């Protein structure tokens, strides 16, 4: 497929540094106790930091495996390819071997790359990059081979902003859909009450429900 003018097709290895995290080995790990990210902490487009665990790491490991704003963390196992961009600021935190850290060059938008990976996964195109029969994994060399279609930086930012706006609208729509069973229950209750001649109370309840539906 011909790309638009100004776009380029490049592999992740060409525009980003990738690194696997630290192996969890209580018998061998030494140094300072520090919290670390697991693949369970990485959701699509977000992080769940409610249950961070700790491991020991040397000063060199603390430096090599640090977490910075703009780092993309990609799951190596579990749900290979699931990823999010770290925007939580600097903190004492490293990451386990079940995660890849992707650190892009300055002219590449990490949010664009993360959304491209999510698009890549949604089309089920990860299969050729995964290893394992029952439990699938995304090796670092395979991650580095993934091709990304890169527009100019300004276009990357525009695409990310557009997608964020669409995802926000989708979230609001889902929230409204979640309200429907509750509203339906209240409407049924109002209808039954009205049928059994509790006219005044039922009319008020029915009016409230209809206002909620129309809101």
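Observations
- When 50, 63 are checked against the criterion of being in a helix (DSSP H, G or I), loosely packed, with under 13 Cβ neighbours inside 10 Å and out of contact with any helix residue (DSSP H, G or I) (no Cβ under 8 Å at 6 or more places or on another chain), a single residue qualifies: 63.
- Long-range neighbours under 7 Å by Cβ, at least six apart or interchain, first residue under 16 Å from residue 148 (Cα atoms) within region 72-90, second modelled with pLDDT under 90 and buried (at least 23 other Cβ atoms within 10 Å of the Cβ): none
The rows are residues; the columns are (1) modelled with pLDDT of 95 or more; (2) within 24 Å of residue 115 (Cβ to Cβ).
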{"position": "36", "(1), (2)": "yes, no"}
{"position": "41", "(1), (2)": "yes, yes"}
{"position": "47", "(1), (2)": "yes, yes"}
{"position": "51", "(1), (2)": "no, no"}
{"position": "55", "(1), (2)": "no, no"}
{"position": "59", "(1), (2)": "no, no"}
{"position": "69", "(1), (2)": "yes, yes"}
{"position": "73", "(1), (2)": "yes, yes"}
{"position": "78", "(1), (2)": "no, yes"}
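- Residue in region 22-36 that is under 15 Å from residue 102 (Cβ atoms), surrounded by 13 or more Cβ atoms within 10 Å (Cβ to Cβ) and in contact with a strand residue (DSSP E or B) (Cβ under 7 Å, 6 or more places away or on another chain) present: no
- Among residues of region 1-41 being in a strand (DSSP E or B) and in contact with a helix residue (DSSP H, G or I) (Cβ under 9 Å, 6 or more places away or on another chain), the one that is farthest from residue 146 (Cα to Cα) is 32.
- Scope region 120-141; condition part of a helix (DSSP H, G or I) and modelled with pLDDT of 90 or more; matching residues: 129, 140, 141
- Meets criteria (in the same structural domain as residue 19 (by TED's automatic domain parsing), part of a helix (DSSP H, G or I) and either at pLDDT 90 or above or surrounded by 10 or more Cβ atoms within 10 Å (Cβ to Cβ) (or both)) for residue 184: no
- Residue count for region 60-87, restricted to those that are in contact with a strand residue (DSSP E or B) (Cβ under 7 Å, 6 or more places away or on another chain) and more than 13 Å from residue 100 (Cα to Cα): 3
The values are calculated or read from the model by the stated rules, or taken from the named source; none is laboratory data. All of these numbers come straight from a predicted model, not from anything done at the bench. Every residue, glycine among them, receives a Cβ derived from its backbone with ideal geometry; neighbour counts consider all protein chains shown.
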